[in-house]
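Have a look at the structure below before the remarks.
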Amino acid sequence: MENLYKIPEHVAVIMDGNGRWARRRGLPRVYGHREGAKRVEELIEVSRDIGIKWLSVFAFSTENWGRPKEEVDAIMSLLVEYINKKVPYLIENNIRLRFMGRIEQLPDMIKRSVEEGEKATQHCDGMNFVVALNYSGKAEIIDAVNKALKSGITELSEEDFRRFLYIPEMPDPDLLIRTSGEERISNFMLWQTAYTEFYFTETLWPDFDRDEFLRALYEYQSRERRFGKVLSI
Ligand code: IPE
Ligand code: IPE
Ligand code: MG
């Protein structure tokens with residue numbers, strides 16, 4: 001841990017490859033989602049231990065509704081189970097649980113868990129754990145524009161616009177990790193990733209353990225972020 005000198009403030013993760021992980025073992029896809037949920041716990045623990053203030057994970061995209069009904073239902077049940085089970089741990093560790101996405105469109109069962117989870121942890125200020133649920137980056141931008149228009153605003157600066165995003169105070173991700181060998185953004189945080197460092201790995205999400213996460217953080221520490229400027233010659 002002594003080499004961890006440049007700690008990102010916000011790490012975002014596209015947890016991909018659950019289905020392939022299960023298929024390779026001859027198991028139904030839902031087993032991959034179940035195993036993947038366990039890796040999220042490790043991700044939170046490592047983040048807490050090294051002082052990452054914001055951890056966000058892409059759990060379900062607006063496009064994921066297009067999957068077979070039994071898979072969607074299984075993911076939704078798993079999410080409810082996970083939220084309900086994790087809230088006491090989050091409170092104990094001073095971690096605030098937040099959600100981003102079109103939450104109002106979710107089934108009542110899950111909406112209730114989301115609201116309860118947010119409310120129960122709203123006083124926690126040690127770290128933020130953000131779950132993107134029924135999330136789409138394009139939808140977030142459109143929702144922000146519509147909120148701004150409804151408020152009567154006719155012209156926006158970048159900073160004004162940020163106030164209308166799902167979580168206005170969330171800093172942009174410093175590091176975005178995507179597992180399973182896919183190298184695309186798949187509609188995740190389009191506005192917020194303008195200067196994010198991307199880390200791709202072939203590892204499937206259910207195999208992404210503590211060491212894999214530390215490897216990604218070490219790699220991040222070796223990157224030189226220039227933000228369009230000249231830093232060293
Ligand atoms: C990511 O794993 C989890 C969700 C999108 C909910 P996938 O289910 O996309 O797994 P692959 O990509 O099919 O292997
Ligand atoms: C992105 O993974 C969404 C989540 C991880 C929730 P997908 O598996 O849905 O993305 P594509 O279809 O490969 O782009
Ligand atoms: Mg996938």
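Once neighbouring chains are kept in place and the probe is 1.4 Å, which whole percent of the accessible area of region 7-58 is contributed by carbon and sulfur? Walk me through the numbers on the way to the answer.
Numbers: 980 of 2150 Å².
Percent of accessible area from carbon and sulfur atoms in region 7-58: 46.
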For Lys138, counting only lysines whose alpha-carbon sits under 21 Å away and dropping same-chain residues fewer than eight positions off, the answer is Lys147, Lys150
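Once the other residues with Cβ under 15 Å from the Cβ of Leu231 are scored (Lys, Arg +1; Asp, Glu -1), what is the net sum?
Values: positive: Lys6, Arg223, Arg225, Arg226, Lys229; negative: Glu197, Glu224.
Charge balance near Leu231 sits at +3.
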Total charge of the residues flanking Leu149 in space, meaning their Cβ is under 13 Å from its Cβ, with Lys and Arg +1 and Asp and Glu -1, is -1
Region 75-157: Kirkwood hydrodynamic radius (Cα pairs, Å) comes out at 14.1
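How about region 2-49: which trypsin sites (Lys or Arg not before Pro) there are in a DSSP loop, with at most 12 other Cβ atoms within 10 Å of their Cβ? Walk me through the intermediate numbers first.
Details: sites: Lys6, Arg20, Arg23, Arg24, Arg25, Arg29, Arg34, Lys38, Arg39, Arg48; in loops: Lys6, Arg25.
Passing both the DSSP loop test and the Cβ count: Arg25.
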Rg/Rh over Cα atoms for the chain, Kirkwood Rh, comes to 0.96
Spelling it out for Thr196: with amide H atoms placed in the peptide plane at 1.01 Å from N, the residues 5 or more places away or on another chain with amide H under 5 Å from its amide H are none
A 1.4 Å probe over the protein heavy atoms gives region 60-102 a carbon and sulfur accessible-area percentage of 53
Once Glu183 and Arg226 are pulled to full extension, the length gained, defined as 0.36 nm per residue separation minus their Cα-Cα distance, is 13.3 nm
Rounded to one decimal in nm, the spacing of the 7 Å Cα→Cβ label points at Asp207 and Tyr5 is 3.3
The aspartates and glutamates whose Cα lies under 17 Å from the Cα of Lys111, excluding any fewer than 8 residues away in the same chain, are Asp73, Glu81
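The values are calculated or read from the model by the stated rules, or taken from the named source; none is laboratory data. As the structure is a prediction and not an experimental result, all values here were calculated from the model. Here the Cβ is made from the backbone with ideal geometry for all residues, glycine too, and neighbour counts use every protein chain on show. The protein model used for the area step is the full one, side chains on, heavy atoms only, and it has no ligands, DNA or RNA in it. Shrake-Rupley method; radii C 1.70, N 1.55, O 1.52, S 1.80 Å.
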